[in-house]
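Taken together, the values in this text are just the output of simple stated rules run on the coordinates, not laboratory data. All figures in this text were calculated on a predicted structure; none of them were measured in a lab. Cβ: placed from backbone, ideal geometry, glycine included. Neighbour counts: every protein chain shown.
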Amino acid sequence: MRFQVLDIIPHLKNPVTGEIVSTADRLNQVVETARRAEELGYDSFSVGERHAGEFISSSPTTVLAAIAAVTSGIRLQSGVTVLSVLDPVRVAEDYATIDQLSRGRLELVIGKGNEVLQYPLFGLDLADQWELLAEKYGLLRRLWTEENVTWSGRFRPALTEPTTTTPRPFAGAPRVWHGSATSLTSAALAAQWGDPLFTANAIQPRENYKVLIDHYREEYERHGHDPRHQYLGSGSGAGGVFIADTTQEAKRQFGPVYEALTTGRNVPGNNSPYRDIDHAVAEGPALVGSPEQVIDKILSYHSLYGHDLQSISLPTTLPFDQQLEILERFALEVIPGVRAAAPTTLWGSGDPYAGRPESGPAGTTGAEPDAAARVAADHNTHRSSHVYTH
């Protein structure tokens, strides 16, 4: 299994102490966490995007660019890029710039977002959120894989003149994942294109997410895509990760913070059913406990989901030194056991994107073949040798 650190950059008071860091300090903590995650051997770092609520992640491209400048090998992801409210031309430009700055380390995770207030902020109708996502993704794919694009659609002015966005991505189009939390639609869109899926696994019972995952796999097969490229990522619960010597000690230390944050959140339809720490540890997706407890929980989810990439989020209302201690303990005491029990080809043998950070721009000496083109060719070859109903 591979491991990602995700920060959607909530900016909250510690509900027990009332303390909160400044905006500048909080943003710099994100960059420092990514730098430390690379040192500890995490595979990727992801920055979220929100345009409403108690978050300061409205400009994830800026934060990812800062991270690119202080790291050299860790993959950079978004979590999620709220493509439904954005202009695909600008998304193509901004993220290709990060891809160039990081020399091919970018992988995008797109979605429609789960904050309804974002839509009126951008002058959009919430009722159109899924159609917006599908149309804009179709255009983004073309902008990253083609030059001299002309296009027309429902939600954006047409590109009547041949358009080539610049800069181009570093070495062919970056891989795009699809974030999935509550609807079959995101899972179906990922499957339609033969892209990997990232299940939020945040606040609902695991069985709810399993329905979306199963639908993705069924649709992926129905579209005839090569199963070698069917990757799945999973989140780790809205409560974050907390590691202690024993599960009882983890609950004692983190329980008051978790329960106060959960009690203070009142977003109808988006609240965790796991209101107390005992319930969250026993049945919810939060990774709180001893290293052994957390390993067992991840592997129990893996037995149900079969996921390749595990995402974790730190409890960012805690003192920063404590967050970094949790990050280190997870890397040293949890990751090795999970990796040994749950191997994957993601970013390894058999994955065309494995060498993308080390490859050069298309056409240069020693460059790896375009990974996106190789995946598309694999899908076409697989379809040609099987009979599918579309």
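Label-to-label distance for residue 116 and residue 207 is 2.6 nm, based on points extended 7 Å past Cα in the beta-carbon direction. Sorting 256-262, 56-62 by their mean Cβ neighbour count within 10 Å, with the most densely packed peptide first, gives 256-262, 56-62. Here the chain is assigned +1 on the Cβ of each Lys and Arg and -1 on the Cβ of each Asp and Glu. Its dipole about the Cα centre then comes out at about 400 debye. Cross-link reach is defined here as a Cα-Cα straight distance under 13 Å, omitting same-chain residues fewer than 8 places apart; for residue 251 the aspartates and glutamates meeting it are 259, 276, 278. Local charge sum around residue 236 (other residues, Cβ-Cβ under 13 Å, Lys/Arg +1, Asp/Glu -1)? Residues close to residue 236 contribute a combined charge of +1.
For residue 377 and residue 127, a Förster radius of 51 Å and the Cβ-Cβ distance give a FRET efficiency of 0.85, rounded to the nearest 0.05.
Remark on residue 312: its backbone amide H falls under 5 Å from those of 4, 5, 6, a criterion applied only to residues 5 or more positions apart or on other chains, H modelled at 1.01 Å from N. Under 5 Å between amide hydrogens, which residues at least 5 positions from residue 109 or on another chain qualify, with H placed 1.01 Å from N in the peptide plane? Hits under the 5 Å cutoff: 78, 81, 177.
Cross-link partners of residue 136 among lysines, defined as those whose alpha carbon lies under 24 angstrom from its own and excluding same-chain residues fewer than eight positions apart: 112.
Scanning residues 5 or more positions from residue 198 or on other chains, those with amide H under 5 Å from its amide H are 178, 179, 180, 233, with H placed 1.01 Å from N in the peptide plane.
Which entry in (i) 19.7; (ii) 18.7; (iii) 21.9 matches mean projected area of the Cα convex hull in nm² derived from the coordinates of this structure? Looking at mean projected area of the Cα convex hull in nm² for this model, the match is (ii).
Under 10 °C and 1.306 mPa s, how fast does the range 83-236 diffuse according to Stokes-Einstein, given a Kirkwood radius computed over C-alpha pairs? Answer in µm²/s, whole number. Walk me through the numbers before you get to the answer.
Working: Rh = 16.4 Å.
D, rounded to a whole number, is 97 µm²/s.
The charge dipole of the range 24-74, taken about its Cα centre with unit charges on the Cβ of Lys, Arg, Asp and Glu (plus for the first two, minus for the last two), comes to roughly 80 debye.
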